[in-house]
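Structure, as structure tokens:
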Amino acid sequence: MLFFFLIWSGKLFSQDLAGEWRGTFTDDRDFFYTGISTEIRLYFSKVNDSTYQAFSVSYLKDKKIKDSAICILIGVFLEKDILFLEETRAIKYFHGEDSNTCLQSMKLNFYKRKKKLFLTGNWYSKIDDCGYGPISLIKKL
């Protein structure tokens, strides 16, 4: 009986993230980037029943600034519908960044409505000067 529960609960925490997700995030720091919505795309692949790997491509688009960054992330479901994502390495940095010091983490709520999957929550960095704010992603089914 315990064996059945362990297998069933492992499947319970496994969600279908594989594929492309599109969305935006906002940096809520108090300087000129504040309020600029940054487009982000995440491309997930499943590592095992509880772990995902992802590549993110972030596009900063403003009248004066056009830039992008690419990172590798690892993600696990902390609960049935709570995903923790963490950037592990930057492949391409935003202009002015030159190290992996501003890697981000995200705690996201996973849910489904009609023919779309949603990940919404907040992102932050372990370093205070790197920013924080809301993030929202959608995957069409």
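The values are calculated or read from the model by the stated rules, or taken from the named source; none is laboratory data. Everything quoted here is computed from the prediction, not taken from an experiment. Glycine also receives a Cβ, built like all others from the backbone with ideal geometry; neighbour counts cover every protein chain displayed. Accessible surface areas use protein heavy atoms only, side chains included; no ligands, DNA or RNA. Shrake-Rupley method; radii C 1.70, N 1.55, O 1.52, S 1.80 Å.
For the range 125-132, does any single residue satisfy the condition of being closer than 18 Å to residue 43 by Cα and either open to solvent by 40 Å² or more (accessible area, probe 1.4 Å) or touching a residue at least 12 places away in the same chain (Cβ under 8 Å) (or both)? Don't jump to the end; show me each part of the working.
Filtering the range 125-132 for residues closer than 18 Å to residue 43 by Cα gives none.
No: the range 125-132 contains no residue that is closer than 18 Å to residue 43 by Cα and either open to solvent by 40 Å² or more (accessible area, probe 1.4 Å) or touching a residue at least 12 places away in the same chain (Cβ under 8 Å) (or both).
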Is there any pair linking a residue in the range 95-115 that is open to solvent by less than 70 Å² (accessible area, probe 1.4 Å) to one that is assigned to a helix (DSSP H, G or I) and at pLDDT 75 or above, with Cβ under 9 Å and at least six apart or on different chains, and which?
102/129; 102/130; 103/130; 104/130
